[in-house]
Amino acid sequence: MSGTAPTHGHSRTLFWAAAALSVLMFLPMAWVLVLSVTENEALSRGTEAAFSGPYTLKNYTDIAGNSGVFRWFANSLVVAVGQTIGVLILASLAGYAFGRLEWPGRRLVFVIVLFGLAVPEQAVIIPRHQIFSTLNLHNTYIALILPGLSLPFGVFLMTQFFRAIPPEIDEAAALDNASRWRIFWKVLLPLTLPAQATLGIFTFLFAWNDYWWPLISATDKDMYTLTVGIASSQVNFAQTEGLGFLAAQAVFAALPVLIVYIIFQKHVVTAVSGGAVK
Amino acid sequence: MAAPHRQSRPSNALFAAPYLVVFVALLVVPLCWGVYLSLQKADLFGLYGYTGWTNYARVLGDALFWQAVRNTVVFVAVTVPVLVAIGLFLGLALNARTRGAAFMRGVYFSSTVLSVTIVTLIWRFVFIPGDGLLSLAFEAMGWPPIGFLSTQGWSLFSVGVATVWWCLGLPMILILAALQQIPGDLYEAAALDNASRWRTFTRVTLPQIRNTLILVATIQIVMQFQLFGQAQLMTNGGPNGTSRPMVLYIYRAAFENWDVGQGAAASELLFLIILVAAMGQFWITNRGNKA
Amino acid sequence: MSASIDIHHLTKRFGALTVLDDISLAIEDGEFVVFLGPSGCGKSTLLRMIAGLEAVNEGEIALGGRRIDTLPPGERGVAMVFQSYALYPHMTVRQNMAFGLENVGTPRDEIARRTDAAAKVLEIDHLLERKPQMLSGGQRQRVAIGRAIVKEPRAFLFDEPLSNLDAALRGRTRLELAQLHQRLGTTMIFVTHDQVEAMTLADRIVVMHDRRIEQIGTPMEIYQRPATKFVAGFVGAPAMSMLPLSGVTRGPLGARLEVAGVGHIDSAVTLPEGFATQGASIGIRAEDTRPDAGADTGADRGTGAGPDMNTGSNTGSGPNTGPGSLPLTVDVIERLGDRTLLHGHLPDGTVLVAQDTGRSQVAPGQVVPVGVDPHAVHVFDAAGRAHHAGEVR
């Protein structure tokens, strides 16, 4: 392939330009990272201290002493994991029904679900807030998890995957006397594992990063997710516990997703592109 | 009549039922309920009767709403082309099977996985007056300081910078995927036809990824119209509402002023604007390219 | 255990499109039957209807006397080997073979016994713990057959199972399938568009074309006494040459067949009184021709021409006037080693393929008188129905 590479519109100049510009991606992150290990007191006299020190890990150990951040972290974990499991279950079942089975009204219902992809959050968030108010469910995990389960993306993705499995596999299973449930559970579901991974990572990141819904649903400080919690400590930015501590919180909150991202990077990237090109 | 094993059976719908319940309860019902609310006099605690188009009239008569519309449209009109252009540039630059390119793709996509809170925190550390990275840089260069987050014009610009930094991963990946779909022999044919690099780009590459570019632009239009967290956290719409987007206006109306009816009416208007913008953009690009 | 299959007046429609029209067929217990036909003739649909993968619109299917067309696929007692094999990719070979037995609650030790036995027979016992993607095409094929065997079905259904194998493996697997049938003695139905597979495997071939059964018969019947013009043209390579029939007179052995602008052929075919030549044609296989290369060059070949052969070579007349011979202008010569095919045309433009010996001296452009075995001439009426010589030689 190397022989044809230059003709494929790929240019070294462009690559090095992109590599140089990546400093702009790094720089803000690096700045926060440096601030997070600089002594708070020195920073309070001026952020130039980030270049000279003294450096310390105290900002991070302070997080350990701040029960709020840990509580928020745990909340985020519960919400993100709960939503991921819920979406995987619902989307797999629905994907099988839409992609593999025939029932009256299937096409129409699927089209309606697809239309749901086009509904922006702001068009439903006020009524949702009222529904959960009426049910007295605000400031519960259920309220934080449930709305994410209604998104059609996972159903769409799983339907595509179920459709892509050769029909002979079902036919062989039908000749093997397998029931619908057994075909789903023993034969087809294992074949969708790559899709499950993709959808799982997506849902986890999405749930972890969600901001608006937890902002209005979780008003009790103990029910904040990490996103909302970090936002709340930014409110009086200048006079908080200190820039270093704030920066350390940012790094602490960013780490889980960055780790997930680094581990599953290939998956995330192929998932994004694969899902869209089809 | 279908074969026994794929006969149409109502019981097959049971597999879809769990999702459909959630879908109807938390998406379909709220969507319809929202339209209903927008025609009601309502606050967070209850409904006080049908008011017809009053809420819409109040929203459309509100100068702050029009300011938010203007802000949002300007924001979308600037960030979307920038995002598409950067995505295209990165796609072309990083479309190679080298470790370096893979690493750079990872770097450019990394910001996308961060939450809006982290992104705004990072950029506040850059923009804050006196202590921010830019402040220090300006000081070092001897330039007069700029209050990026508190000056009219600069505040929306700063929100835009953070947004582009946050969102450029998705356009890049989508465009990369499209570039990788182009069969290599097209380029070989172009090379045999003595096409210059520029002609190859305009006559082979661009037409091949046209649909993806349209898709990317549509996605970004829909996403950027919903600008909320960055503006709320970085500038809180200020100064004087000059960086307040429509969603922040809705948030204020419904969840700070508790005027749920007005918030719902503004939501429906924004929904309408997004639909029109996305479809209009799609229509224009499709038509323009066919002609 | 094995069972007969009876198909009565079966019709299949996809919407307004009829793909099988009033098919009736009786397959005997233990028989190996091949459905042969071009793609789109409905042969796979018929097989899938027996399997229960396609619904029946009209008619009945019975297995061992019991009606099965309303049963779900798994309860019919048939096993199927798919063209793509359709192995469960995430299961090991052993799990693939055991799945169907587990579904009906077969005891574990019985499953293990049958799986091991089948694996041994198919020589895949060393692969039992592997997954399909680690197997070669031929191995996957064996697993697919193994999965069918362990169910101990009353009939095996094969849907073009050899078409994904390379040529060498295809030949070997064909042989092994024949052996498997001999050993198991179970009814087998095999769908293919490959006539070699059909000829070598089948007890009986069912030739299908355009929604219908054209002919049911043993391989030799299908080849030597094709019931219709379609069967004659579809079976055999090179394809049977077809000459337009313009008139019939009495000849020494049977009908003397006239070909306008070409000459005539003496045949042993007896045609009914008042046979309509309009639209009728004469079918001749390449191996039933005797091109007389010597006639043109003056050399006496002295081979091939039997006493009742249609040859003009000994009459001393020119190629155009010789009684019962066809003057073939050779266009292309195809050497197959043991024989040589002469592709050419007759004076009226009709294309004809003749077969000469492997050492044929004929050159392109040469005009060769071609004699035809009168007992191997076939006549087809306008509707395509065949008339053959009185007996199979």
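The values are calculated or read from the model by the stated rules, or taken from the named source; none is laboratory data. Computed from a prediction, not measured in an experiment: that's the story for all the values here. All Cβ positions, glycine included, derive from the backbone under ideal geometry; neighbour counts span all protein chains shown.
Things to note:
- All of (1) among the aromatic types (Phe, Trp, Tyr); (2) within 12 Å of chain C (Cβ to nearest Cβ); (3) in contact with a Gly (Cβ under 6 Å, 6 or more places away or on another chain) hold for A:Tyr211 with one exception: (2).
- If you go through segment A:130-146 and keep only what is in contact with a Pro (Cβ under 9 Å, 6 or more places away or on another chain) and within 9 Å of another protein chain (Cβ to nearest Cβ), you end up with A:Gln130, A:Ile131.
- Comparison of C:Leu257, C:Leu253, C:Leu271 shows that the only residue that is assigned by TED's automatic domain parsing to the domain that holds C:Leu326, in contact with a Ser or Thr (Cβ under 6 Å, 6 or more places away or on another chain) and over 30 Å from C:Leu20 (Cα atoms) is C:Leu257.
- Residues of segment C:221-250 that are in contact with a helix residue (DSSP H, G or I) (Cβ under 8 Å, 6 or more places away or on another chain) and in a loop (DSSP other than H, G, I, E, B): C:Pro226, C:Val235, C:Gly236, C:Ala237, C:Pro238, C:Ala239, C:Met240.
- Elements of the type helices (runs of 4 or more DSSP H) sitting completely within segment B:1-88 and holding at least 2 residues that are within 9 Å of chain A (Cβ to nearest Cβ): these cover B:17-23, B:29-38.
- Test: residue in segment A:66-73 that is more than 30 Å from B:Tyr36 (Cα to Cα), part of a loop (DSSP other than H, G, I, E, B) and within 14 Å of chain C (Cβ to nearest Cβ): no
- Test: residue in segment B:134-147 that is assigned to a loop (DSSP other than H, G, I, E, B), facing another protein chain (nearest Cβ under 10 Å) and in contact (Cβ under 8 Å) with a residue 12 or more places away in the chain: no
- Within segment C:348-361, tally of residues that are at pLDDT 90 or above and buried (at least 17 other Cβ atoms within 10 Å of the Cβ): 6
- Test: C:Glu287 is surrounded by fewer than 23 Cβ atoms within 10 Å (Cβ to Cβ) and modelled with pLDDT of 90 or more: yes
- Summed over segment B:224-238, the residues that are farther than 16 Å from B:Phe148 by Cβ, more than 9 Å from chain A (Cβ to nearest Cβ) and either part of a helix (DSSP H, G or I) or touching a Cys at 6+ places or on another chain (Cβ under 8 Å) (or both) give a count of 1.
- A:Val111 meets all of the listed conditions (1) closer than 23 Å to A:Ala254 by Cα; (2) at pLDDT 90 or above; (3) surrounded by fewer than 19 Cβ atoms within 10 Å (Cβ to Cβ) but one, namely (1).
- Exactly one residue out of B:Ala254, B:Ala278 is closer than 24 Å to B:Ile214 by Cβ, among the small types (Gly, Ala, Ser) and not assigned by TED's automatic domain parsing to the domain that holds B:Gly34, and it is B:Ala278.
- For the criterion of being surrounded by 14 or more Cβ atoms within 10 Å (Cβ to Cβ), within 14 Å of chain A (Cβ to nearest Cβ) and either among the acidic types (Asp, Glu) or in a strand (DSSP E or B) (or both), C:Glu54 passes.
- Against the conditions (1) over 12 Å from C:Val379 (Cβ atoms); (2) under 22 Å from the mean Cα position of the chain (by Cα); (3) surrounded by fewer than 22 Cβ atoms within 10 Å (Cβ to Cβ), C:Met242 satisfies every one except (1).
- Check on B:Phe201, over 13 Å from the mean Cα position of the chain (by Cα), among the aromatic types (Phe, Trp, Tyr), within 20 Å of A:Glu121 (Cβ to Cβ) and in a helix (DSSP H, G or I): no
- Residue check, A:Trp16 surrounded by 18 or more Cβ atoms within 10 Å (Cβ to Cβ) and on the phi < 0 side of the Ramachandran plot: no
- Residues satisfying the stated conditions in segment C:362-390, i.e. loosely packed, with under 14 Cβ neighbours inside 10 Å and of a type in the set (D, E, K, R): C:Arg385
- In this structure, A:Phe162 does not satisfy being aromatic (Phe, Trp, Tyr) and more than 30 Å from C:Arg76 (Cα to Cα).
- Count of segment B:264-291 residues which are crowded, with 22+ Cβ neighbours inside 10 Å and among the hydrophobic types (A, V, I, L, M, F, W, C): 5
- Across segment C:57-96, the number of residues qualifying as more than 12 Å from chain A (Cβ to nearest Cβ) and touching a residue at least 60 places away in the same chain (Cβ under 8 Å) comes to 3.
- When each of C:Ile216, C:Ile205 is tested for being closer than 27 Å to C:Ala286 by Cα and crowded, with 20+ Cβ neighbours inside 10 Å, the lone residue that passes is C:Ile205.
- The requirement of being buried (at least 17 other Cβ atoms within 10 Å of the Cβ), more than 10 Å from chain A (Cβ to nearest Cβ) and touching a Lys or Arg at 6+ places or on another chain (Cβ under 7 Å) is not satisfied by B:Gly261.
- Where a residue in segment A:16-37 is more than 16 Å from B:Leu168 (Cα to Cα) and its partner, wherever it lies, is surrounded by fewer than 21 Cβ atoms within 10 Å (Cβ to Cβ), with Cβ under 6 Å and at least six apart: A:Val37/A:Tyr55
- Residue count, segment B:209-223 (criterion: within 10 Å of chain A (Cβ to nearest Cβ) and more than 13 Å from A:Pro120 (Cβ to Cβ)): 4
- Residues of segment B:265-282 that turn out to be facing chain A (nearest Cβ under 9 Å) and either modelled with pLDDT under 90 or under 14 Å from the mean Cα position of the chain (by Cα) (or both), as a count: 5
- Once segment B:181-192 is narrowed to residues that are more than 8 Å from chain A (Cβ to nearest Cβ) and part of a helix (DSSP H, G or I), the residue that is farthest from B:Ala217 (Cα to Cα) is B:Leu192.
Table: residues versus (1) within 19 Å of C:His90 (Cβ to Cβ); (2) of a type in the set (Asp, Glu); (3) in contact (Cβ under 8 Å) with a residue 12 or more places away in the chain.
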{"site": "A:Pro120", "(1), (2), (3)": "no, no, no"}
{"site": "A:Gln130", "(1), (2), (3)": "no, no, no"}
{"site": "A:Leu191", "(1), (2), (3)": "yes, no, yes"}
{"site": "A:Phe202", "(1), (2), (3)": "no, no, yes"}
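- Residue match in segment A:178-185 (condition: closer than 30 Å to C:Asn103 by Cβ, outside any helix (DSSP H, G or I) and within 14 Å of chain C (Cβ to nearest Cβ)): yes
- Meets criteria (more than 7 Å from chain A (Cβ to nearest Cβ), in contact (Cβ under 8 Å) with a residue 12 or more places away in the chain and within 26 Å of the chain's Cα centre (by Cα)) for B:Gly91: yes
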